[in-house]
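Visitor: Shown below is the structure under consideration.
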Amino acid sequence: MSSDLILEATNLGKSFRGFDAVRGVNLRVRRGSVHALIGPNGAGKTTCFNLLTRFLPVSSGRIVFDGRDITPLDAARVAGLGLVRSFQISAVFRQLDVLDNVRVALLAHDGGSYAFWRSSAALGRYTARAEALLEQVGLTRWSRHTAADLPYGRKRALELATTLALEPSLVLLDEPMAGLGHEDIGPVTRLIADLSKRCTVLMVEHNMKVVADLCDRITVLQSGEVLAEGRYDEVSRDPRVLEAYVGGGVV
């Protein structure tokens with residue numbers, strides 16, 4: 001594995017009762033880049049994410065992260081190594097306030113356990129670091145709001161703050177724009193751009209303007225296989241990609 005690659009999947013495959021959801025996928029993500037995995041519905045994007053983050057066992061192939069073969073590891077071990085996934089649905093503790101959500105993430109990263117009945121003692125020493133992370137994602141004035149009361153776009157910002165608390169070297173974002181109103185897309189795009197200054201980003205995203213604005217390289221999947229790869233201006237003109245998106249103009 002080349003030192004400029006942070007993630008490399010070779011001949012990656014996944015079968016479900018004889019159905020090949022992913023077949024022979026080769027994926028190379030360069031360190032410090034923003035890389036998109038796109039494709040029409042049913043192309044295998046989510047299955048690939050589940051394989052790369054070890055939420056699913058592979059049927060064939062090999063996954064190397066930061067020079068280490070992670071194919072046999074489970075999801076928790078992989079996250080501990082610095083490969084962290086943010087899910088399509090905002091994953092925060094709705095009953096806790098914004099600051100405590102980030103403090104819990106910091107505690108978990110340090111290997112601690114959280115007891116709700118003694119939260120102040122468990123979390124107090126993480127306050128300064130949590131406040132710094134909230135400032136990075138523009139949530140300082142929301143720090144004492146309950147997470148459940150946040151607007152949806154702010155919940156995504158909180159999820160990014162809790163992700164940063166894990167000090168990842170590679171973040172996988174699963175449709176970060178899903179469910180956002182038009183007014184939230186710009187701010188969340190800027191948050192991801194800021195995130196990419198700290199770590200490598202691999203994202204599944206359907207909003208092609210966001211992909212065009214953010215991503216250095218794009219891999220297109222169709223029917224579980226790699227259809228095309230390259231810069232946005234290359235893949236957006238590829239006749240196979242236009243055909244896959246039914247009628248062109250989508251990308």
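Visitor: Near LYS14, which lysines are there with a Cα under 24 Å away, not counting those fewer than 8 places off in the same chain?
Guide: In chain and number order, the partners are LYS45.
Visitor: Using a/c under 1.5 as the rounded threshold, could you call segment 139-211 rounded, prolate or oblate? The axes a ≥ b ≥ c are square roots of the C-alpha gyration tensor eigenvalues, and prolate needs a/b larger than b/c, oblate otherwise.
Guide: oblate
Visitor: Stokes-Einstein at 37 °C, 0.692 mPa s, Kirkwood radius from Cα pairs: D for segment 83-242 in µm² s⁻¹?
Guide: It comes out at roughly 195 µm²/s.
Visitor: Between ARG144 and ASN11, 0.36 nm times their residue separation minus their Cα-Cα distance comes to what?
Guide: Taking 0.36 nm per residue and subtracting the Cα distance, the gain is 43.2 nm.
Visitor: Further, regarding this structure: Set the Förster distance to 25 Å, then compute FRET efficiency between GLU135 and ILE185 from the Cβ-Cβ distance, nearest 0.05.
Guide: 0.70
Visitor: In nm, to one decimal, how far is the modelled label at SER223 from the one at LEU81, with both set 7 Å along Cα→Cβ?
Guide: 3.3 nm
Visitor: Less than 11 Å Cβ to Cβ from LEU83, Lys/Arg counted +1 and Asp/Glu -1: what total charge do the surrounding residues give?
Guide: Result for the local shell: +3.
Visitor: Between LYS209 and PHE55, what is the label-point separation in nm under the 7 Å Cα-to-beta-carbon projection?
Guide: 2.8 nm
Visitor: At 1.4 Å probe size, with every protein chain present, just tell me what the per residue accessible area of the chain comes to in Å².
Guide: 47 Å²
Visitor: Calculate, for PHE19 and LEU166, the FRET efficiency according to 1/(1 + (r/R0)^6) with r their C-beta to C-beta distance and R0 22 Å; round to the nearest 0.05.
Guide: Between PHE19 and LEU166 the formula returns 0.05.
The values are calculated or read from the model by the stated rules, or taken from the named source; none is laboratory data. Treat the numbers as computed from the prediction; the structure is a model and nothing was measured. Reconstructed Cβ throughout: ideal geometry from the backbone, glycine too, with neighbour counts over all protein chains shown. Heavy atoms of the whole protein, side chains included, go into the accessibility calculation; ligands, DNA and RNA do not. Shrake-Rupley method; radii C 1.70, N 1.55, O 1.52, S 1.80 Å.
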